[in-house]
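Chemist: Okay, here's the structure, questions in a sec.
The values are calculated or read from the model by the stated rules, or taken from the named source; none is laboratory data. It should be emphasised that the depicted structure is a prediction, and the values quoted were computed from it without experimental measurement. Neighbour counts run over all protein chains shown; Cβ positions are idealised from the backbone, glycine included. Only protein heavy atoms, including side chains, enter the accessible area calculation; ligands, DNA and RNA are left aside. Shrake-Rupley method; radii C 1.70, N 1.55, O 1.52, S 1.80 Å.
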Amino acid sequence: PALPAARLTLLPAMVGLAQLGAPPALARQLARLPGPLRLGLELLVLDYLGYSWHRLLHAPLLWRLHRVHHNDLDMDITTAWRFHFGEMLASIPYRAGLPGLLGIRPATVLAYEAVFEAGTAFHHSNWRLPFGLERRLVRLLVTPRAHGIHHSVVHRESQSNFGVVLTLWDRLHRTLRLNVPQQSLTIGVPAYPDPARQTVAQLLALPLALLEPWARPDGTVPRWPEPAGPLDELQE
């Protein structure tokens, strides 16, 4: 399970490495910043590291680990903690080492991780928020409708909406896609449509299995016509 792995490995590593502090020259520069400005910059850096790490997880090597998360066929709050423990371990150099080198303070790291976990639970939930409210929230925050698109069996949709807390980074990197009607979404990885292939033992061993093409077992590739409307306009 990912939650104990995060508690016992990633979170202590993040806080512990942050205590080592930045290189002296950088530490002196950071100490000159006004407190609120430094805090704001630290939070933005941590959230960007979350976004960029998520994009790296979709590269072939790390996808071996991350597909355990994506092949869930029924996305709900349990999906928020359905990660292979190997993914948590692999994330330590990036998500724990870089904040330490950049001089992000332990208290900021700990506070951000609480927000990170809350955001992950929120956008993986099956809450159906009032559409008008979610349309306003998604201008700033990753919402359930937005992240559901990222879990789509359509490949171009799964390569979008990598943000964890803020949608800012998807907007800046042009990976934001909101114009997919929710009724047309199918969740999962096309190679794994059978729940019988998703036992605990099989999920633990999945990173050692060959990478399968983005296609159903019969070879067909899920494709839908490109939805109408701007990419950054949320659809019901």
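Chemist: Name, by its number, the condition in (1) in contact with a helix residue (DSSP H, G or I) (Cβ under 8 Å, 6 or more places away or on another chain); (2) farther than 28 Å from Leu211 by Cα; (3) open to solvent by 20 Å² or more (accessible area, probe 1.4 Å); (4) of a type in the set (A, V, I, L, M) that does not hold for Leu46.
Modeler: (3)
Chemist: From Val164, Val153, grab the single residue that is open to solvent by less than 30 Å² (accessible area, probe 1.4 Å) and under 16 Å from the mean Cα position of the chain (by Cα).
Modeler: Val164
Chemist: For the stretch 199-207, indicate whether the set of residues that are touching a residue at least 24 places away in the same chain (Cβ under 8 Å), open to solvent by less than 80 Å² (accessible area, probe 1.4 Å) and part of a loop (DSSP other than H, G, I, E, B) is non-empty.
Modeler: no
Chemist: Are any of the residues in the stretch 76-89 within 22 Å of Phe122 (Cβ to Cβ), open to solvent by 40 Å² or more (accessible area, probe 1.4 Å), assigned to a helix (DSSP H, G or I) and at pLDDT 90 or above?
Modeler: Yes, some residue in the stretch 76-89 is within 22 Å of Phe122 (Cβ to Cβ), open to solvent by 40 Å² or more (accessible area, probe 1.4 Å), assigned to a helix (DSSP H, G or I) and at pLDDT 90 or above.
Chemist: Would you mind stating whether Arg216 is surrounded by 13 or more Cβ atoms within 10 Å (Cβ to Cβ), over 22 Å from the mean Cα position of the chain (by Cα), of a type in the set (Lys, Arg) and assigned to a loop (DSSP other than H, G, I, E, B)?
Modeler: Details: surrounded by 13 or more Cβ atoms within 10 Å (Cβ to Cβ): yes; over 22 Å from the mean Cα position of the chain (by Cα): yes; of a type in the set (Lys, Arg): yes; assigned to a loop (DSSP other than H, G, I, E, B): yes.
In short, yes.
Chemist: Spot the failing condition for His147; the list is (1) closer than 22 Å to Ser184 by Cβ; (2) open to solvent by 10 Å² or more (accessible area, probe 1.4 Å), and only one is missed.
Modeler: Answer for His147: the failing condition is (2).
Chemist: What is the residue count in the stretch 149-198 for residues that are assigned to a loop (DSSP other than H, G, I, E, B) and touching a residue at least 24 places away in the same chain (Cβ under 8 Å)?
Modeler: Matching residues across the stretch 149-198 total 25.
Chemist: Quick one: what pairs do we get from the stretch 213-236, first residue farther than 30 Å from Arg197 by Cβ, second of a type in the set (Gly, Ala, Ser) and open to solvent by 70 Å² or more (accessible area, probe 1.4 Å), C-beta under 7 Å, 6+ apart or different chains?
Modeler: Correct list of pairs: empty, since none qualify.
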